[in-house]
Amino acid sequence: MDLLVPHKRSPPQPYTNPYLAGIGIGVALLAAFVLVGRGLGASGAFNSGIAWLVSGVAPDYARANRFLAGYLSEDSHPLKAWLVFEVAGVFAGALISGLLAHRVAASVERGPRISIAGRLALAFVGGVLMAFGAAFARGCTSGQALTGGSLLNLGSWIFMLSIFAGGYAVAWIVRREWR
Amino acid sequence: MIAPLGKLGYFGDETSLVIALVIGIGFGFFLERAGFGSAKKLVAQFYLRDLAVFKVMFSAIVTAMLGVTYLAWAGILDLSLVYLVPTYWIPQLFGGLILGVGFVVGGYCPGTSIASAATGRIDGIVYVLGFAAGTLGFAVMSPVFDGLLQAGDLGPTTLPQALGVGHGLVVFAVVAVAIAGFAGASWIERTMAARDAVAPK
């Protein structure tokens, strides 16, 4: 575990060329299309996780809720879902890459003008907003923009353009968080 | 047609879960390689300092798009068996705007937040908790949103179908736009770097 001991850690390596990393992600996506006939995702795994939690606490409510019921089945565990396993892989793959490049360290990503507490509060708020956005759009940047984008899915391209529009519209307002 | 293998009965559900894990490892590995475990790297896209989000996203889209297109033309992949999320343009437009705002405020999207949490970012872990809380909140409120969720239902629709042109033409257009976009993105990065060198901001 030398990699996790700060004074023994080598400096972080530079990031990979964006086009090479993009081709790597594209090959993973293509493998998903060819092997299982579906793309990548992330928000769907959260939906499965929440459906599982709610069904444990209030099973009748979970079955009656249309959104949650879509992630529940009578004869199978809610976490035995393709995206849950894929997201577990994302965690492992990112950890492997981070360890190899000496980039695993406890830290808070923020600009010079915001407190740690402020940044963490905004990270939470952003997560809540994104959960609503992804639920409305039936997918997130992975499941809709990336996957649907490469399949030339009409809704995915509408979604992708509006992500960039929403991001650029608000960037100036929240600039103190980052710059 | 021999693909998608799983849908043509070459292996069962248990095997597909193992494949999910392996493909996820590849996805997570390259997300982290790109620097997408870092919120500062990701949001720099929206301050025009580092357009890696655009470059990575579009090189991934072009790679997978050319792959499925050639495999379908070669008669190897049956594209009609690859799941296409149905288009509901109104909630997808609205959801995208909220997601874009959440991206800049939160610093991550759901997939990259997993990569950030895996590499020790506390803000990434808090984002994951926020996303989970938001998912629960949406589920509870979902009956209220039912009308909006079903609005603008066009069914599974592709861009070539919507535009009434051939698949190949749209593929060519996306590649052309991506290449022009890559050049434009690098030009923007150089311009902003030169501006920052004069008056650091």
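Observations on the model:
- Residue match in segment B:81-95 (condition: closer than 25 Å to A:Arg103 by Cβ, in a helix (DSSP H, G or I) and of a type in the set (Val, Ile, Thr)): no
- Test for B:Thr63: is it at the interface with chain A (Cβ under 7 Å from one of its Cβ atoms), assigned to a helix (DSSP H, G or I) and of a type in the set (S, T, N, Q): yes
- Number of the condition not met by B:Ala72 [criteria: (1) surrounded by fewer than 20 Cβ atoms within 10 Å (Cβ to Cβ); (2) touching a Gly at 6+ places or on another chain (Cβ under 7 Å)]: (2)
- Filter result for A:Tyr19 (in contact with a Phe, Trp or Tyr (Cβ under 8 Å, 6 or more places away or on another chain) and of a type outside the set (D, E, K, R)): yes
- Test result for B:Val82, crowded, with 23+ Cβ neighbours inside 10 Å and within 7 Å of chain A (Cβ to nearest Cβ): no
- Selection status of A:Arg63, surrounded by 21 or more Cβ atoms within 10 Å (Cβ to Cβ) and either assigned by TED's automatic domain parsing to the domain that holds A:Ala145 or of a type in the set (Lys, Arg) (or both): no
- Breaking point among (1) in a helix (DSSP H, G or I); (2) out of contact with any Lys or Arg (no Cβ under 7 Å at 6 or more places or on another chain), for A:Arg119: (2)
- Filter pass, B:Phe46 being at the interface with another protein chain (Cβ under 8 Å from one of its Cβ atoms), in contact (Cβ under 8 Å) with a residue 12 or more places away in the chain and under 15 Å from the mean Cα position of the chain (by Cα): no
- Residues that are farther than 19 Å from A:Ser97 by Cβ, touching a residue at least 40 places away in the same chain (Cβ under 8 Å) and of a type in the set (Val, Ile, Thr), drawn from segment B:96-138: B:Val104
- Extreme residue, farthest from A:Val104 (Cα to Cα), among residues of segment B:17-40 that are surrounded by fewer than 23 Cβ atoms within 10 Å (Cβ to Cβ) and not aliphatic (A, V, I, L, M): B:Gly26
- Set A:Ile163, A:Ile173, A:Ile158: member being within 18 Å of the chain's Cα centre (by Cα), outside the structural domain of A:Gly41 (by TED's automatic domain parsing) and either β-branched (Val, Ile, Thr) or crowded, with 24+ Cβ neighbours inside 10 Å (or both): A:Ile163
- If only residues of segment B:131-171 that are part of a loop (DSSP other than H, G, I, E, B) and polar (S, T, N, Q) are counted, the one that is nearest to the other protein chains (Cβ to nearest Cβ) is B:Thr157.
- Matching residues, segment B:109-124, being in a helix (DSSP H, G or I) and more than 23 Å from A:Ala145 (Cα to Cα): B:Ile122, B:Asp123
- Test set (1) of a type in the set (Gly, Ala, Ser); (2) surrounded by fewer than 18 Cβ atoms within 10 Å (Cβ to Cβ); (3) at pLDDT below 95 - B:Gly6 fails condition number: (2)
- Matching residues, segment A:69-93, being farther than 15 Å from B:Ile114 by Cβ, part of a helix (DSSP H, G or I) and within 19 Å of the chain's Cα centre (by Cα): A:Trp82
- For segment A:68-102, taking the residues that are more than 27 Å from B:Thr15 (Cα to Cα) and in contact with a helix residue (DSSP H, G or I) (Cβ under 8 Å, 6 or more places away or on another chain), the one that is farthest from the other protein chains (Cβ to nearest Cβ) is identified as A:His102.
- Options A:Arg176, A:Arg113: the member that is part of a loop (DSSP other than H, G, I, E, B), on the phi < 0 side of the Ramachandran plot, of a type outside the set (A, V, I, L, M) and touching a residue at least 12 places away in the same chain (Cβ under 8 Å): A:Arg113
- Single residue of segment B:17-43 satisfying the filter (in a helix (DSSP H, G or I) and more than 7 Å from chain A (Cβ to nearest Cβ)) that is nearest to B:Phe103 (Cα to Cα): B:Leu42
- Flag for B:Gly106 being surrounded by fewer than 23 Cβ atoms within 10 Å (Cβ to Cβ), among the small types (Gly, Ala, Ser) and at the interface with chain A (Cβ under 7 Å from one of its Cβ atoms): no
The values are calculated or read from the model by the stated rules, or taken from the named source; none is laboratory data. Fair warning: this is a prediction, and the values are worked out from it, not measured in the lab. Because the Cβ atoms are built from the backbone with ideal geometry, glycine has one as well, and the counts that use them run over all protein chains shown.
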